[in-house]
Amino acid sequence: MGVLVGGLLALGDFWLIRRASPWLVRSGGGGILFFLQILKYLVMSVILGAGFFVGLINPLAALVGLSLLIIMPISGIWDLKREMKEVV
């Protein structure tokens, strides 16, 4: 369950960044991006904290699932670089 929750949080994080970044770059919303990042990590911490507290999520398994946060951006860095060039 921890791997699933961690993986879903990582996928949601990556999806949100890929969807919001080009729009925020075009509109010059650096402050909004900062607020979005803070809000995103607060929501992630509440979800993980509640899962840990209830005992539904194993912390080590959640770390394995969250490791997608490291792998996914590396695999998509070339697409993101190309998209940013199109936006700017």
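The values are calculated or read from the model by the stated rules, or taken from the named source; none is laboratory data. All values derive from a computational prediction rather than experimental measurement. Glycine also receives a Cβ, built like all others from the backbone with ideal geometry; neighbour counts cover every protein chain displayed.
Details
- The range 3-18, residues that are among the aliphatic types (A, V, I, L, M) and more than 20 Å from Leu56 (Cβ to Cβ): Leu16, Ile17
- Matching residues in the range 35-61 - criterion: being within 14 Å of the chain's Cα centre (by Cα) and buried (at least 16 other Cβ atoms within 10 Å of the Cβ): Leu36, Lys40, Met44, Ile47, Leu48
- Listed by first and then second residue, the pairs linking a residue in the range 35-54 that is closer than 17 Å to Gly2 by Cβ and modelled with pLDDT of 85 or more to a residue that is among the β-branched types (Val, Ile, Thr) and part of a helix (DSSP H, G or I), with Cβ atoms under 8 Å apart and 6 or more places separating them unless they lie on different chains, are Ile47/Val5; Leu48/Val5; Gly51/Val5.
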